[in-house]
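The values are calculated or read from the model by the stated rules, or taken from the named source; none is laboratory data. This one's a predicted model, so the numbers in the text were calculated from it and none came from an experiment. Glycine gets a Cβ as well: all are built from the backbone with ideal geometry, and neighbour counts include every protein chain shown. For accessibility, only protein heavy atoms count, side chains too; no ligands or nucleic acids. Shrake-Rupley method; radii C 1.70, N 1.55, O 1.52, S 1.80 Å.
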Amino acid sequence: MENCIFCKIVAGEIPSPRLYEDDKMIVIRDIEPKAKLHYLCIPKTHFAYLSEMDSEKAEILKYCFEKIAQIYPTLGLEQGYRVIINQGENGNQTVPHLHIHLLGGEKLKDF
Ligand code: AMP
Ligand code: ZN
């Protein structure tokens, strides 16, 4: 998708070190971390909102969650972590390419 910052990161047009990558997703560090460890799991396929969900996109998200469940210890999240998907205006979603925040590395405050 043109002008999508996360598509550009996926394509390597904006450099961002990948902590994990396969054919379906990447994991990068959030540029403005909201916790000691703050990662973004970004599917390589562009779609913006959960409301666009169909079986193909559901498969992509399922894959991402399965992979997160495998790799979280390699990210220093073995003591636990928080998963966030911001959606739309009221959810303060700033990048309209669906992504999963992973926060941890410390005891997080309630929200
Ligand atoms: P959201 O507000 O849920 O859409 O999350 C977007 C996140 O992307 C924010 O936490 C930003 O700090 C982060 N972000 C924006 N640009 C970059 C970038 N170039 N590299 C890494 N993280 C980024
Ligand atoms: Zn995109």
Practice item. Classify segment 5-104 as rounded, prolate or oblate, taking a ≥ b ≥ c as the square roots of the eigenvalues of its Cα gyration tensor: rounded when a/c is under 1.5, otherwise prolate if a/b is larger than b/c and oblate if not. Key: rounded
Exercise for review: Go through the chain and flag any cysteine with no other cysteine's C-beta closer than 4.7 Å, please.
Suggested key: CYS41, CYS64
Point to revise | Lysine pairs meeting the criterion (Cα under 12 Å, 8 or more apart or interchain), as found in segment 5-104 | key: 6
Point to revise | Inter-label distance, nm, simple model (7 Å from Cα along the C-beta direction), MET53/GLU66 | key: 1.7 nm
Exercise for review: Keeping the other protein chains in place, figure out the carbon and sulfur percent of the accessible area of the chain, with a 1.4 Å probe.
Suggested key: 52 percent
**Study point:** Simple Cβ-charge dipole of the chain, Lys/Arg +1 and Asp/Glu -1, about Cα centre, in debye nearest 20
**Key:** 400 debye
Practice item. Name the residues whose placed amide hydrogens come within less than 5 Å of the amide hydrogen of GLN93, ignoring near sequence neighbours (fewer than 5 apart) on the same chain. Key: GLN87, GLY88
Point to revise | FRET efficiency for ILE5 and LEU37, using Cβ-Cβ distance with R0 set to 30 Å, rounded to 0.05 | key: 0.90
Point to revise | Computed over the chain: relative contact order in percent, which uses C-alpha pairs under 8 Å that are six or more apart | key: 31 percent
Point to revise | Packing-based ranking, highest mean first, of 16-29, 69-82, 47-60 given that Cβ atoms within 10 Å are counted | key: 16-29, 69-82, 47-60
Check your understanding: Quick one: Karplus J couplings for segment 73-84, per residue in order, coefficients 6.51, -1.76, 1.60, θ = phi - 60°, nearest Hz, x for Gly and Pro?
Key -> x, 6, 9, x, 9, 5, 7, x, 6, 10, 10, 9
